[in-house]
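Visitor: Pasting in a structure now, in structure tokens, and then I'll have a few things to ask.
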Amino acid sequence: MPASTRRAAVIGGNRIPFARANGAYSRASNLDMLTATLDGLVARFGLAGERLGEVVAGAVLKHSRDFNLTREAVLGSRLNPGTAAYDIQQACGTGLEATIAVANKIALGQIESGVAGGVDTASDAPIALNDDLRRVLVRLNAAKTPVDRLKLVGQLRPGQIVPEIPQNSEPRTGLSMGEHAARTALEWGIGRAEQDELTAASHQHLAAAYDRGFFDDLVTPYLKLTRDNNLRPDSSVEKLGKLKPVFGKGPDATMTAGNSTPLTDGSALVLLGSDEWAAEHRLPVLAHVVDSETAGVDYVHGPDGLLTAPVYAVPRLLARNGLTLQDFDLYEIHEAFASQVLATQKAWEDPRFAKERLGLDAPLGSIDLTKLNVAGSSLAAGHPFAATGGRIVATLAKLLRERAVEEKKDQRGLISICAAGGQGVVAILEAKA
């Protein structure tokens, strides 16, 4: 093992515009999108024929044919085929977890460069066979004579030919992510107006970022899309206020299709490397990966909500690095739902929660909302599950670098991503002036 470690550099990123499910990318597979995103990254940074340390990515919704998805994307790209690759999956935290995996190997000196991220298509979600039909087909494939095959076909019944459609629900509760989030919103008293305000701000921030050219070197057009097609630049609290609730029940229901992120298709990747590798290739360094933390909560039997694990991960990350929640210049809190972002903030501000659940003497306190998701986030861009981490890491690294140059001082950013299964992945990035 090396005597010392080093911080991995975020050199840049690339993603394709995110698209609402069953829309512009309805005929594109995970492999199509990931390969296109990788080739866009290769072109942007002049990496054709280059052998990188490794490529790590994944998908939450994946066909069995994609058992080696990331490696197949590498083989279909213009990278040197000697670049190793593997898949990773931690639900909505996949892209950030992939970034951490590559950054850690760079930090240890095991590799000099790598690509991390993810892809997901809700349009091409795998549909499994009914278990009874699957067993008959396996036996049919093994049958040695036509008579044996005919006997097996004769055993089939209409009820066996019903596929298992993917469900957007947690296996242990049967509740959708939105239904879980509605419970948390009710518990923390998150109002409709504040959710719609956060949603409108996300759309306006993302639109402004596109208009000033911020995404020109982060997004590659794909299948005629040049911008995320979920984006509504004219979104307002008034327009969002006209939508009917879709999660929760009765007069307390506050979550609508507007203040909840829709099912989305897309892919995003980040290029990481050592400072030495970046300099050798004459590539700029946007920021460095400082540290990360993960957490899980027992949302099935315990008191915590499905999407609240980052509330626990961030205090541990702060303590290890000697920081407070206010020691950041920018915050990126993934917007699975507006209510989940607001509930996360309220939990950090609550003295009783801090003492009884986090084991702290005092709450973490508030964050400056003018520093939150300043270039928009998932409510506006969309949320292809495994792709969100790559989008956020690349966006935050570039934002930090811009501010470091403008203000002539180092900048620090916090990433917080909630994930299915009661999990959370959080990280710190820093940019030098």
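Visitor: May I ask which residue of Val237, Gln155, Pro262 lies farthest towards the positive end of the charge dipole of the chain, with charges of +1 (Lys, Arg) and -1 (Asp, Glu) on Cβ and the Cα centre as origin?
Guide: Gln155
Visitor: Figure the gain on full extension for Tyr86 and Leu137 (residue separation times 0.36 nm, minus the Cα-Cα span) and round it to one decimal in nm.
Guide: 15.3 nm
Visitor: Further, regarding this structure: For Leu218, what is the net charge nearby, where nearby means another residue's Cβ is under 13 Å from its Cβ and Lys, Arg count +1, Asp, Glu -1?
Guide: Residues close to Leu218 contribute a combined charge of +3.
Visitor: For each pair in Lys224/Lys346; Lys244/Lys346; Lys239/Lys346; Lys346/Lys398; Lys371/Lys432; Lys249/Lys398, compute the distance between the two Cα atoms and list the pairs where it is over 30 Å.
Guide: Correct reply: Lys224/Lys346; Lys249/Lys398.
Visitor: Count the net charge of all other residues whose Cβ sits under 14 Å from the Cβ of Ala309, scoring Lys and Arg as +1 and Asp and Glu as -1.
Guide: Residues near Ala309 contribute -3 overall.
Visitor: Can you give the accessible area of Phe215 in Å² (nearest 10), computed on protein heavy atoms with a 1.4 Å probe?
Guide: About 10 Å², rounded to the nearest 10.
Visitor: Note down the nm distance, to one decimal, between modelled labels 7 Å out along Cα→Cβ at Thr5 and at Ser64.
Guide: 3.9 nm
Visitor: Follow-up. So if I take the centroid of the Cα atoms in the stretch 122-165 and the same for the stretch 241-281, what is the distance between those two points in Å?
Guide: So the separation of the two Cα centres works out to 37 Å.
Visitor: Which of the three applies to the chain, rounded, prolate or oblate, going by the alpha-carbon gyration tensor with a ≥ b ≥ c and a/c under 1.5 meaning rounded?
Guide: Because a/c hits 1.5 or more and a/b fails to exceed b/c, the chain counts as oblate.
Visitor: Choose one answer from Pro262, Pro17, Pro81: the residue with the largest mean-square fluctuation in a GNM of the chain with alpha-carbon springs under 10 Å.
Guide: Judging by the Gaussian network model, the answer is Pro81.
Visitor: I've got another one for you. What figure, in Å² to the nearest 10, do you get for the accessible area of Glu406 with a 1.4 Å probe and non-protein molecules left out?
Guide: 130 Å²
Visitor: Here's another thing I want to ask about it. Non-local amide H neighbours of Asn130 (under 5 Å, H modeled in plane, Pro and chain starts lacking H): which ones?
Guide: Amide H neighbours of Asn130, under 5 Å, 5+ apart: Val162, Glu164.
Visitor: Another question about this same structure. If contacts are Cα pairs under 8 angstrom and at least 6 residues apart, what is the relative contact order of the chain in percent?
Guide: Contact order relative to length: 26 percent.
Visitor: Taking only protein heavy atoms into account and a 1.4 Å probe, give the accessible area per residue of the stretch 218-357 in Å².
Guide: 44 Å²
Visitor: Right, another one. Given a 1.4 angstrom probe, what's the average accessible area per residue across the stretch 1-96, in square angstrom?
Guide: With the other protein chains kept in place, the stretch 1-96 gives 41 Å² per residue.
Visitor: Follow-up question, since we're still on this one. Computing the accessible area with a 1.4 Å probe over protein heavy atoms, can you report the carbon and sulfur percentage for the chain?
Guide: Solvent-exposed carbon and sulfur of the chain make up 52 percent of the total.
Visitor: How much solvent-accessible surface does Arg403 expose, in Å² to the nearest 10, with a 1.4 Å probe and all protein chains in place?
Guide: Its accessible surface works out to 60 Å², give or take rounding.
Visitor: OK, next. Going by accessible area, probe 1.4 Å, with all protein chains left in place, what is the ranking of Met177, Met1, largest first?
Guide: Accessible-area ranking of Met177, Met1, largest first: Met1, Met177.
Visitor: Full extension from Asp327 to Val153: what is 0.36 nm times the residue separation minus their Cα-Cα distance, to one decimal in nm?
Guide: Contour length minus Cα-Cα distance gives 56.0 nm.
Visitor: Do the sum for the chain: with -39,500 (n - 2.57) for every DSSP H run of n ≥ 4, divided by all residues, what is the mean residue ellipticity at 222 nm, to the nearest 500 deg cm²/dmol?
Guide: Rounded to the nearest 500, the figure is -10500 deg cm²/dmol.
The values are calculated or read from the model by the stated rules, or taken from the named source; none is laboratory data. On a predicted model such as this, the values are computed, not experimentally measured, just so you know. Please note: Cβ atoms are built from the backbone with ideal geometry, for glycine as well, and neighbour counts cover all protein chains shown. To get the accessible areas, we keep the full protein, side chains included, count just its heavy atoms, and leave off ligands, DNA and RNA. Shrake-Rupley method; radii C 1.70, N 1.55, O 1.52, S 1.80 Å.
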